[in-house]
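**Q** Shown below is the structure under consideration.
The values are calculated or read from the model by the stated rules, or taken from the named source; none is laboratory data. The structure displayed is predicted, hence computed values, not measured ones. Because the Cβ atoms are built from the backbone with ideal geometry, glycine has one as well, and the counts that use them run over all protein chains shown.
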Amino acid sequence: MNRDPLQELAAAIDHTLLKPGATRSDILRLCQQAREHGFAAVCVNPVWVEEAVHHLQGSPVVVATVIGFPLGATTTAVKVFEAREALRAGARELDMVIALGLLKGGEDQKVQADIAAVVEVAKEHGASVKVILETGLLSEEEKTRAAQLAVAAGASFLKTSTGFLGSGATVEDALGVLRDVPHYPEIYSGDIVEARILSSSGNRRRVLFRLVKKKVITVVLETEYDVEDRFFAGGVAQMWSRSTRVAEVENPGKPDERVKPPDTGWGFLWRLNSYWHLEERGGGLLMECRAVSLTRDVPAALAWIIRPMVTSLPREALSGTLVKTRAEVARRAAARRPAGRLRPEAPPRASRAALFHAAPPRP
């Protein structure tokens, strides 16, 4: 029996409360909501980890907390101590803030070592680490470098911002980008070379994408998706897309181009579904996305070359999609602001905590 799409989406959400004035009753309410809706995790400040663990006993919801929050300016030793204390209290996900000053000063080895030290402690407890990049304070080059260092250090997730900086993008900006199918080839240049709306009715549409997947070999795929989005009161939106057809394109762009029957060819991608949650919260915009990819059986003789490709491509594709989505959201948010209010490097409101992960949803 297929799982309800809203349940699948809920299983990809971290329910978060990091306001400094949060009380015990607020934490209780947060945990009750997480249980009720089947969220993946709750994220609370370290002082409330034990409380949240207590309220969530017997449920699949895990507890996440923050390290070096919100400035990232504590020493590595302090971050490691915070991590050990949080893990001892029952946390199973750690959201650490990158060392911004070191990153901006070009001290990349220290930045990576800082993250790696926390990752190492987390591994001892089977926990994961999410690195908050605070992208509103970074140049494009610094964002790229920060993401690369976090991944190299073993981070499982990348997040854009703490949300304590303020200002700009809205759910409408983000949903507008995701709905703008005809411009996908420009927004997601290099990944999508063709995008068309095949049919549309209300908030539902059927779309066609031609994707380019590059690894050891380059594969062009023609894919179709059923897409649905919902906008709720209070600045909340959700969108999910389910692939209905994935077919490899033989000799793309040539006179003898041919779309192969589904489930044949070298692509081995069978289905690729994605789930988005957008929410204005605490002066910022929460952007969460989860992608699920399914592949066909890989022949044993080709496993050595195909398996690394089909396992790494979904994560790489999702990371690229999220980076490009955020850039376009920020661009549109800046474009609609009055010119007199735009500050250089003004951080978009779309960055409270964009959670990006390329693994299947938690069971």
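**Q** Hey, could you check the stretch 223-243 for residues that are aromatic (Phe, Trp, Tyr) and surrounded by 19 or more Cβ atoms within 10 Å (Cβ to Cβ) and say which is modelled with the highest pLDDT?
**A** It comes out as TYR225.
**Q** Next question, about the same structure. Just checking, how many residues over the stretch 25-47 are surrounded by 15 or more Cβ atoms within 10 Å (Cβ to Cβ) and not aliphatic (A, V, I, L, M)?
**A** Number of matching residues: 8.
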